[in-house]
Amino acid sequence: MRIDKFLKVSRLIKRRTIAAEACDAKRVKLNGSVVKPSAKVKEGDVIEITFGDRVVKVMVTAIKETTKKDEAAELYKIL
C-alpha cells in the first residue's frame, strides 16, 4: 500500500492529499529515509511524521484497504 493512503486509512493524517503534501515537504520518513507519497508500506515498517516541532513515530502492525474509525488505531503501534 502507498504511504499516503496508509496515513489516511490509519487516520494519522486526515486526508490523502495532505499526507502526500507532507511527504513532498520531507516531513515523513519510512525506516529512517525521507520518502515520496508513492512509497510502499508493509507490516513492520517504522514511520516518522513531523508535525511542527513534534515527531510521531509508529510501527505498522497491519495493512487494510479500509477501516472503521474505532479500528484505525489497530493498524499501528506508537513507539
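The values are calculated or read from the model by the stated rules, or taken from the named source; none is laboratory data. Predicted model only: the values in this text are computed from it and were never measured. Every residue, glycine among them, receives a Cβ derived from its backbone with ideal geometry; neighbour counts consider all protein chains shown. Please note that ligands, DNA and RNA were not included when accessible areas were found on the heavy atoms of the full protein model with its side chains. Shrake-Rupley method; radii C 1.70, N 1.55, O 1.52, S 1.80 Å.
Considering only protein heavy atoms and a probe of 1.4 Å, how much of the accessible area of the chain is carbon and sulfur, as a whole percent?
49
I'd like to check one number: the per residue accessible area of the chain, probe 1.4 Å, reported in Å² as a whole number.
On the way: 5030 Å² over 79 residues.
Ligands and nucleic acids excluded, the result is 64 Å² per residue.
When Lys and Arg each count +1 and Asp and Glu each count -1, what net charge do the other residues less than 10 Å away from C23, Cβ to Cβ, add up to?
So the environment of C23 carries a net charge of +2.
What nm distance separates the two modelled labels at E21 and A72, each placed 7 Å from Cα along Cα→Cβ?
Result: 1.7 nm between the two label points.
For the chain, set up a GNM with springs between Cα atoms under 10 Å and report which of K29, K42, K64 has the largest fluctuation.
K64
Of S33, S10, which has the most accessible area and how do the rest follow, probe 1.4 Å?
Listed by decreasing accessible area, they come as S33, S10.
Taking a temperature of 4 °C and a viscosity of 1.567 mPa s, what whole-number D in µm²/s does Stokes-Einstein yield for the stretch 18-79 with Rh from Kirkwood over alpha carbon pairs? Don't skip to the answer; put the middle values down first.
Working: Rh = 12.2 Å.
This corresponds to a translational diffusion coefficient of 106 µm²/s.
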